[in-house]
Amino acid sequence: MIADILANLFKTCSMLDRKQVGTEFDSTKEKLTVSENVEIIRRWYESPSPEFLDPNSEWLLAEGFPFGGRYVGSDAVFKDFFPRLMSQFSEWKVSIDELLDSGEFVIALGRYQGTVKDTGVKFVAPVAHVWKLKNGKIVQTRQYVDTVLIARALASTTTSQQQDNGIKELQIVNTLTANI
C-alpha cells in the first residue's frame, strides 16, 4: 500500500515538474488546481477541529513519540492525546512546508517546534504526516517524525534536574567539610 502511495506521489511529482501548480503551463492556458483533499488538510493545519475527522478516524503516531500509539475517534485525539502532549510542552507548533497530493492521500512535510514545559529546552524535529481522506473527512493519519530530537529535549528535563541536584549536593558537602 505504501509502495502504491509513493508510486502515485512520484507520478504526481513528475507531472508537476512539467506543469506548475496554479500557473499557466501550456498553450491552452489550463491551470492545475489544488485538490479538495489538499485544501481540507491545509484548513486542518490552520485550525484543527473534530469536524475534519471521520467519527472512526484512526491516528497512528510514531513509537517513541510522546504518548505515541493508536488513537481512534475525535475524542481520543482531542480529549486524550492533545491534552497529554501539551502537558509536556509550553509551546508546540507544526510548520508545514509542503502538501503533496496523491489522490485519497495527502502527504505533509514539515517540522515540529516546541519548548519543554519544565526546562524551557527548545527543539525542532522534521515530520511527515500521511493523511487518508474519504468523502471529505480524515479517516487516517500516520505520523513519521524524528523522535530522537524530541526525546533528547524531554530527557534534558531529567538531566537538568539531576545536574542541579548534584551541584546542590556538592555545594552542601563542600559547605559542611569547609566548616570542619
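The values are calculated or read from the model by the stated rules, or taken from the named source; none is laboratory data. Everything numeric in this text was worked out from a predicted model, so none of it was measured. All Cβ positions, even for glycine, are placed from backbone atoms using ideal geometry, and neighbour counts span all protein chains on display.
Could you go through region 6-15 and let me know if any residue there is outside any helix (DSSP H, G or I), modelled with pLDDT under 95 and not acidic (D, E). Quick ask: steps written out before the conclusion?
To start, the set of residues in region 6-15 that are outside any helix (DSSP H, G or I) comprises none.
No, every residue in region 6-15 fails to be outside any helix (DSSP H, G or I), modelled with pLDDT under 95 and not acidic (D, E).
A count restricted to region 43-71 and to residues that are among the aromatic types (F, W, Y), under 13 Å from the mean Cα position of the chain (by Cα) and assigned to a strand (DSSP E or B) stands at 1. Take the conditions (1) hydroxyl-bearing (S, T, Y); (2) part of a helix (DSSP H, G or I); (3) at pLDDT 95 or above; T158 misses just one of them, which is (3). Only one of the numbered conditions (1) of a type in the set (A, V, I, L, M, F, W, C); (2) under 18 Å from N56 (Cα atoms); (3) surrounded by fewer than 16 Cβ atoms within 10 Å (Cβ to Cβ) is violated by V139, and that is (3).
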